[in-house]
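One structure is given below, encoded as structure tokens.
Computed from the coordinates by the stated procedures, all read-outs in this text should not be read as laboratory data. Bear in mind the structure is a predicted one, so any value in this text is a computation, not a measurement. Positions of Cβ are backbone-derived with ideal geometry, glycine not excepted, and every protein chain shown enters the neighbour counts.
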Amino acid sequence: MRLALLVLATIGYAVADLFTSIADMQNLLETERNIPKILDKYIHDEEERLVQLKKLSEEYSKKNEISIENGLKDITNPINAFLLIKRKIFDWKEIESKMNANKAGNVVSSITDDSYGVRYPTADDLSGAAIGLLRLQDTYRLDTKDLADGKIYADQGNYTFSAKDCFEIARAAYNEHDFYHTVMWMEEAQRRLGDEVEPTVEVEDILEYLAFALYKQNNLKHALKLTEELYKMNPTHPRAKGNVKWYEDLLEQEGVRRSDMRKNLPPI
């Protein structure tokens, strides 16, 4: 139980590093509860707006039929010409007003602006939370798979990470030049991606990040192997072909013969 409390405290402090306080997190949870209500109201308003636009479209179609039937009369008769122009101007203004009445911007601002009492998280906040998880992992020597499965303590609930979640944690580590954790979490992302019916992340992205992280750990043979997999998967990839040659050149500089570059790969 003491371990569980320590773990939870560590998570709280790690997230709070960037995401101001627990109060922010509580407000964020409240926002999560309110979003369905906000969206339902937006959908209802949009449906009403579209009904009005459909009605205007039907009315305009009828007016157009009359205008087409009258043909040159509307153009050559000064009175009809005036009425036609006036009708087009005011009709269009009404249509334009209805078309521009989309309230999506208001919906977004109602969730994110200060008047709603919530500071919405940013990419930096997500990165901070990811780094907090990595600190937690190191402090308590937690297995990557167990952590991704939510196995922090007995009553953790049914929370598991997708391949995309693992990828984002790995990318946060990568941006901190922490290539040790980058490799661990990119590998976990790759494993989970293989089990996903609907992929949450591109395997090409995983391979490229993983290869570079292994290169930074001086595991050039594995970096070459993964980059060749990437190139075979997508020959038009903008960097894969060049990176294959680059890794080959680096291995050659280390005295590795080309015939040996794909043999006796060291462990990851």
Least to most buried among Trp185, Trp246, by other C-beta atoms within 10 Å and fewest first, runs Trp246, Trp185
In the structure shown, of Lys151/Lys216; Lys37/Lys98; Lys37/Lys145, the pairs separated by more than 32 angstrom at the C-alpha atoms are Lys37/Lys145
Label model pair Lys232, Asp249: point-to-point distance (7 angstrom along the Cα→beta-carbon line) in nm is 2.4
HN-Hα couplings for the stretch 212-229 via Karplus (6.51, -1.76, 1.60; θ = phi - 60°), in whole Hz with x for Gly/Pro, come out as 5, 4, 5, 4, 5, 8, 6, 9, 5, 5, 5, 4, 5, 4, 5, 5, 5, 4
Of all GluC sites (Glu not before Pro) in the stretch 193-236, the ones in DSSP coil with at most 16 other Cβ atoms within 10 Å are Glu196, Glu202
A correct Karplus calculation of ³J(HN,Hα) over the stretch 41-53, with 6.51 cos²θ - 1.76 cosθ + 1.60, θ = phi - 60°, whole Hz and x for Gly and Pro, returns 5, 4, 4, 4, 5, 5, 4, 5, 4, 5, 4, 5, 5
